[in-house]
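Accompanying notes for the structure given below.
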Amino acid sequence: MPDAIGYERIGDIAVLSANNPPVNALGYDTRVGLIKGIERAEADTGVRAVLIYGEGATYFAGADIREFGKPPREPYLPDVCNRIEACPLIVVSAMHGTALGGGLEIALSSHYRIAVPSARMGLPEVNLGLIPGATGTQRLPRLTGVEPAIDLVTSGRQIGAKEALSLGVIDKVAEGTPRDIGLAYVQELLDSGANRRAVSELPAPAPIDFDAAYDAALAKARGQLSPAYGVRAIQAASEKPFAEGVAEERRLFIELMGTKQRQGMIHAFFSERAVGKLPELDGVTPREVKAIGVIGGGTMGAGIATAALQSGLNVVLLEMSAEAGEAARGRIEGNLSGALKRGKLSQEKYDAMVGKALTIATDYQALSDVDLVIEAVFERMDVKKEVFRKLDAVCKPGAVLATNTSYLDIDEIAAETSRPQDVIGLHFFSPAHIMKLLEVVVAAKTAPEVAATGFALGKRLGKISVRAGVCDGFIGNRILKTYRTAAEHMVLDGASPYQIDKALTDFGFAMGPYAVSDLAGLDIGWMTRQRLAPTRHPRERVPTYADRLCEAGHYGQKTGKGYYIYEGSRRGGIPNPEVMDLIEAERAQLGLTPRDFSDDEIVRRYMAAMVNEGAKVLEEGIARRPLDIDMVFLSGYGFPRYQGGPMKWADMQGLDKVLADIRTFAKDDDWFWQPAPLLERLVAEGKTFDDLNKAAA
Ligand code: 3H9
């Protein structure tokens with residue numbers, strides 16, 4: 001294996017090339033290699049300058065995240081940065097790929113920076129629950145000023161070479177390999193007699209109102225600490241000498257390193273990459289998909305068609321009538337025109353998408369040549385079955401037949417066809433061209449290459465695809481049903497929907513469950529309650545006050561009234577006073593005396609219900625690994641990323657504590673609160689959900 005940092009002498013230039021695939025992460029060997037490379041260059045007679053660049057796909061993409069949480073090993077990254085800057089020779093970094101986090105910090109410690117036009121740069125530590133911890137918060141604002149530095153550190157966004165040049169982050173952009181442009185730039189600097197230039201010696205940046213910036217960062221991040229800590233670190237750059245600022249940055253970085261938020265976000269980072277890796281699909285070749293059919297052009301079907309068009313697929317959209325087809329076209333054009341207005345889509349591409357690539361049809365024959373069909377029709381078994389019978393008759397052999405059902409039994413739907421091996425569930429979340437999650441529901445007879453095709457399509461559409469098995473609601477909606485029930489029990493027993501929403505948004509959810517119901521439409525829950533009524537166990541506690549709202553025509557945001565009243569702005573409603581009247585009437589009818597709930601109890605009950613059902617879903621094989629459940633909730637249900645997902649959250653609480661809560665709650669209702677055997681087993685064996693993730697890796 002080559003050294004993590006190679007050393008080569010070219011004339012009077014020492015070239016340090018990083019060779020630590022896949023992303024040149026700054027692990028121990030790379031850090032040691034950089035120090036040794038600088039020392040060797042200094043001792044190498046005649047060397048006047050040092051070039052640092054990365055072999056392979058990228059310059060350094062950051063610290064080695066796998067080392068976080070383990071005892072740190074010297075040399076630490078900030079010391080490596082300072083050592084590079086202190087080099088008496090001119091040090092130049094040439095960047096390509098993604099110069100991120102510690103990688104950008106190495107570049108900022110070099111005396112000059114050049115990048116290829118396609119290079120991306122940023123300080124994304126905030127996405128890992130951290131701040132830049134290798135002098136980035138001290139050096140960046142000395143180059144850009146405080147405000148751009150706060151923007152980059154608190155958002156973690158990546159910038160291109162052009163923007164980096166205009167902000168003063170880099171000195172030059174040039175076409176070529178990083179090695180070639182780097183060598184040419186070093187030569188140019190040597191020829192022009194340029195001096196060594198240390199960012200740390202630049203004047204401290206002018207201050208702003210840091211307290212206001214801190215408050216704004218905290219509010220925007222809904223309880224995530226790292227953006228606000230980033231502001232404090234940049235404040236130190238403005239107010240303290242460089243070395244003291246570095247010490248303050250280190251203190252804040254180490255504090256964040258010890259938090260659960262950091263653990264949760266790093267779990268999310270690795271889970272996002274592990275979720276699509278399924279041993280059963282290893283080496284399985286997906287079927288080729290160039291054109292897809294979408295049946296139904298409502299919000300969901302139009303969203304799916306939009307996502308497919310955006311990914312370069314041809315789409316045949318089937319509707320019942322020419323008018324309905326035109327309405328579907330209007331929805332798709334509406335979806336795409338947003339991207340057009342924001343400059344994310346060129347007029348030419350837009351025209352091609354809504355022109356040549358999109359066919360609106362009313363006859364099933366139009367689907368005879370597509371490679372994959374997704375139906376998004378009315379959520380009723382008889383309707384779906386009829387669609388699949390027709391698809392079976394017209395689709396070409398080998399076409400993948402997918403249903404976007406949210407709940408229904410896909411085995412039953414597949415049995416309606418002569419080719420159940422080609423049938424799969426592709427469960428999108430609305431709006432389908434925006435939401436990241438895709439549940440790939442593998443039915444009993446689904447062929448492996450059909451499952452692989454589902455994952456390949458998800459990747460092409462930019463989705464996070466999670467494998468799920470068949471059950472009522474699959475992974476997400478099944479678990480949702482359980483924790484929504486826990487919330488409803490709390491409402492019957494004394495909490496208000498508004499207190500529950502507040503406790504959960506304080507926990508970090510984007511929205512509380514009642515605001516979500518208003519957004520989704522209260523008629524959906526109403527329909528589900530009706531559908532499940534015949535199978536309901538006599539001990540199930542199901543409140544009916546929400547039915548009264550629906551009976552009165554209040555379906556949430558779309559009718560202007562639900563749990564909240566919406567006037568003007570669509571998101572923020574005000575509590576609907578009729579709701580508390582209905583709840584109180586129901587409590588009285590049931591003879592219930594309301595009691596107080598603390599926000600902490602609300603969160604613990606809600607989360608315990610989620611985790612317990614998650615454990616059942618795992619045990620039944622509906623989800624393969626705990627991380628699959630975490631990814632469903634992080635990418636489709638507004639679960640706060642810094643809490644890691646429900647199963648990671650449970651690990652971080654301690655599974656024994658979660659189980660103890662469930663047993664306590666069961667004293668009042670041992671029907672609803674039946675501990676999952678898997679949870680009991682893990683606690684008895686002193687294991688965590690993450691142990692199951694590792695065992696499955
Ligand atoms: C930091 O720098 C802190 C410092 O300020 C202070 C320190 C004291 N480490 O994403 P991909 C793995 S914090 C270890 O599929 P892409 C990844 O897990 C860091 N491993 O590729 C995957 O492994 P596997 C700040 C890493 O081309 C493989 O590489 N930096 C790291 O779609 C390929 O990754 C960041 O936050 C890492 N830093 O995207 C950048 N990065 O194949 C994080 C990746 O086994 N990284 N891996 O699943 C990224 O954003 C993307 O990986 C990147 C490439 C854009 C670089």
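Some notes on this structure:
- Scanning segment 267-280 turns up at least one residue that is more than 15 Å from the ligand (Cβ to nearest atom) and either assigned by TED's automatic domain parsing to the domain that holds residue 454 or not polar (S, T, N, Q) (or both).
- Filtered residues of segment 58-75 (kept if surrounded by fewer than 15 Cβ atoms within 10 Å (Cβ to Cβ) and in contact with an Asp or Glu (Cβ under 9 Å, 6 or more places away or on another chain)): 73
- Those helices (runs of 4 or more DSSP H) of segment 254-365 in which 3 or more residues are within 30 Å of residue 442 (Cβ to Cβ) occupy 260-274, 299-310, 322-341.
- Leading residue by the ranking (surrounded by the fewest Cβ atoms within 10 Å (Cβ to Cβ)) among those in segment 325-375 that are acidic (Asp, Glu) and within 21 Å of residue 432 (Cβ to Cβ): 326
- In segment 220-253, the qualifying residues are those that are outside any helix (DSSP H, G or I) and more than 21 Å from the chain's Cα centre (by Cα), and the one that is nearest to residue 651 (Cα to Cα) is 240.
- Residue count for segment 447-475, restricted to those that are of a type in the set (Ser, Thr, Tyr), touching a helix residue (DSSP H, G or I) at 6+ places or on another chain (Cβ under 9 Å) and within 13 Å of residue 372 (Cβ to Cβ): 0
- Test: residue 385 is under 28 Å from residue 449 (Cα atoms), of a type outside the set (A, V, I, L, M, F, W, C), assigned by TED's automatic domain parsing to the domain that holds residue 431 and surrounded by fewer than 15 Cβ atoms within 10 Å (Cβ to Cβ): no
- Considering segment 50-81, the residues that are within 14 Å of the ligand (Cβ to nearest atom) and in contact (Cβ under 8 Å) with a residue 60 or more places away in the chain include one that is farthest from residue 273 (Cα to Cα), namely 78.
- Boolean, residue 599 is under 29 Å from residue 463 (Cβ atoms) and surrounded by 14 or more Cβ atoms within 10 Å (Cβ to Cβ): no
- Enumeration of residues in segment 80-91 that are assigned to a helix (DSSP H, G or I) and surrounded by 15 or more Cβ atoms within 10 Å (Cβ to Cβ): 80, 81, 82, 83, 84, 85
- Selected residue (only one of 631, 647, 607 is within 19 Å of residue 501 (Cβ to Cβ), in the same structural domain as residue 677 (by TED's automatic domain parsing) and either surrounded by fewer than 19 Cβ atoms within 10 Å (Cβ to Cβ) or at pLDDT 95 or above (or both)): 607
- Being surrounded by fewer than 24 Cβ atoms within 10 Å (Cβ to Cβ), closer than 19 Å to residue 169 by Cβ and among the acidic types (Asp, Glu) is a condition met by no residue of segment 50-57.
- Strands (runs of 3 or more DSSP E) contained in segment 95-164 and holding at least 2 residues within 10 Å of the ligand (Cβ to nearest atom): 98-100, 120-122
- Test: residue in segment 366-383 that is more than 21 Å from residue 464 (Cα to Cα), touching an Asp or Glu at 6+ places or on another chain (Cβ under 8 Å) and not in a helix (DSSP H, G or I): yes
- Screening segment 615-697 for helices (runs of 4 or more DSSP H) wholly inside it with 2 or more residues that are free of Cβ contacts under 8 Å to residues at least 24 places away in the same chain returns the ranges 655-666, 677-685, 689-696.
- Condition check for residue 30 on (1) within 16 Å of the ligand (Cβ to nearest atom); (2) more than 25 Å from residue 259 (Cβ to Cβ); (3) hydroxyl-bearing (Ser, Thr, Tyr); (4) surrounded by fewer than 17 Cβ atoms within 10 Å (Cβ to Cβ): one failure, at (4).
- Candidates 177, 154: the one that is in the same structural domain as residue 26 (by TED's automatic domain parsing) and surrounded by fewer than 20 Cβ atoms within 10 Å (Cβ to Cβ) is 177.
- First in segment 313-342 and aliphatic (A, V, I, L, M), second anywhere and surrounded by fewer than 12 Cβ atoms within 10 Å (Cβ to Cβ) and in a helix (DSSP H, G or I), Cβ under 9 Å, 6 or more apart: 340/347
The values are calculated or read from the model by the stated rules, or taken from the named source; none is laboratory data. Computed from a predicted model, the values in this text were never measured in an experiment. Heads up, the Cβs are rebuilt from the backbone with ideal geometry, glycines too, and the neighbour counts pull from every protein chain shown.
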